[in-house]
Amino acid sequence: MLQVDRISARYGPLSILREVSLGVGADEVVGLVGANGAGKTTLVRVLAGLLRASAGKMTFAGRDISAEAGHRRAGAGIAFVLDNRALFGELTVKENLALAERRGRRLGRPDGMFSQDEILELFPVAAERYHAPVQLLSGGQQQMVAIARALLLRPRLLVMDEPSAGLAPLIVKHVIEVLHRLKGRGMGILVAEQNVRLIADVADRGYVMALGRIVHEVKTGDWPDFLTDQRLVNAYLGG
Ligand code: ATP
């Protein structure tokens, strides 16, 4: 459904991504792993239209989105969970979720993909803090609301950047449980994550990035082999 074809990107004179190619199918969870600084966030920024690729092509559901603005990509059905969390800090959890739900409905995708009720059951913390302004929530709570918001947009593809970053272990565990529950809901999921063991638990397959390139592909069922191969883990993930 998402096809990334030899994408390169630079920050000024610095070449960061070098001919990155990968794909995400309509109903699979794909992990993008790599050490700190490998280029995962840069790739997510290119996918979100926040950084322009200097070469290469991206297609989504058969349509070339390479030159499209970020909001058009979102309109096509890609939802992003990024560092900045894309929430309105002064609005309550309820208001943030209502805005997302309205937008999801306006985009015209099938009704009932994720209802607010189901979302509040998946993220109890959103229900507990429903009437609180988002800016009063902890980082972990905001992360939950950010994922909840993305799901209410009824995406065909969910792209998450480092969902575990800075979160307490218990919250990380909850994020992974939620990812398990999202499987089989007709949505592709791409997760950039430094913690490979975490993502290996839930991803069907994956790509390993180092120095701005895809250096290894983990095929379906191959996570255990990858994780026990010290040579690969040391080489690409720094041990
Ligand atoms: P992390 O796990 O730390 O997020 P990452 O794999 O996401 O790592 P990126 O954040 O994409 O890696 O960084 C890739 C490279 O690009 C690094 O060398 C980083 O220093 C560099 N870089 C990132 N942002 C900028 C920027 N705004 N200007 C210049 N260089 C940058």
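The values are calculated or read from the model by the stated rules, or taken from the named source; none is laboratory data. On a predicted model such as this, the values are computed, not experimentally measured, just so you know. Using ideal geometry, Cβ is built from the backbone for each residue, glycine included, and neighbour counts are taken over all protein chains shown. In case anyone asks, the SASA skips ligands and DNA or RNA and just uses the protein heavy atoms, side chains included. Shrake-Rupley method; radii C 1.70, N 1.55, O 1.52, S 1.80 Å.
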(message) Counting only helical runs of four or more DSSP H residues, what would the 222 nm mean residue ellipticity of the chain come to if each run contributes -39,500 (n - 2.57) and the total is spread over all its residues?
(response) -10500 deg cm²/dmol
(request) Might you tell me the accessible area per residue for the chain, computed with a 1.4 Å probe and given in Å²? (result) 46
(message) From Cα pairs below 8 angstrom and at least 6 apart in sequence, can you work out the relative contact order of the stretch 140-222, rounded to a whole percent?
(response) 26
(request) For the chain, set up a Gaussian network in which alpha carbons nearer than 10 Å are linked by springs, and say which option among Y130, Y11, Y207 fluctuates the most. (result) Y11
(request) In whole angstrom, note down how far apart the Cα centers of the stretch 101-134 and the stretch 45-59 are. (result) 29
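Taking the convex hull of the alpha carbon atoms in the stretch 1-131, what volume per residue do you get, in Å³? Mind dumping the intermediate values first?
Values: hull volume 18.5 nm³, N = 131.
So the per-residue Cα hull volume is 141 Å³.
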(request) Please work out the FRET efficiency for the pair S21 and A67, using the Cβ-Cβ distance as r and a Förster radius of 25 Å; give the result to the nearest 0.05. (result) 0.85
(message) Rolling a 1.4 angstrom probe over the protein chains, ignoring ligands and nucleic acids, what is the accessible area of E95 in square angstrom, nearest 10?
(response) 80
(message) Mean-square fluctuation check for the chain, GNM, Cα pairs under 10 Å: which of P13, P133, P169 is largest?
(response) P13
(request) May I ask you to list, by number, the DSSP H helices of the chain whose Cα span along the axis is at least 18 Å and whose average Kyte-Doolittle hydropathy reaches -0.5 or more? (result) 139-152, 169-182
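Could you look at the chain and say what percent of its accessible area is carbon and sulfur, using a 1.4 Å probe and all protein chains? Present the calculation step by step, with values, prior to reporting the outcome.
Numbers: 5550 of 10970 Å².
Answer for the chain is 51 percent, counting heavy atoms of protein chains only.
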(message) Let me understand the stretch 144-239 better: what is its radius of gyration from the alpha carbons, and its Dmax, in angstrom?
(response) 13.9, 41
(message) Per q in 0.07 Å⁻¹, report the Debye log10 I(q)/I(0) for the chain, using one uniform scatterer on each alpha carbon and no solvent.
(response) -0.22
(message) Pairs on different chains or at least eight residues apart, Cα atoms closer than 25 Å: how many lysine pairs in the chain fit?
(response) 9
(message) Along the charge dipole of the stretch 75-132, pointing to its positive end and built from +1/-1 on Cβ of Lys, Arg, Asp and Glu, which listed residue (G89, V125, A79) has its Cα farthest out?
(response) A79
(request) Name the residue farthest towards the positive end of the dipole of the chain from the options V29, L198, L14, assuming +1 on Cβ of Lys and Arg, -1 on Cβ of Asp and Glu, about the Cα centre. (result) L14
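Using alpha-carbon pairs under 8 Å, 6+ residues apart, how would you state the relative contact order of the chain in percent?
Working: 440 pairs, mean separation 70.2, N = 239.
In percent, rounded to a whole number, it is 29.
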(message) Under a crude label model (7 Å from the Cα following the beta-carbon direction), how far is L99 from D83 in nanometres?
(response) 2.1
(message) Over the chain, with a Gaussian network built from C-alpha contacts below 10 Å, which listed residue (V81, V125, V44) shows the highest mean-square fluctuation?
(response) V125
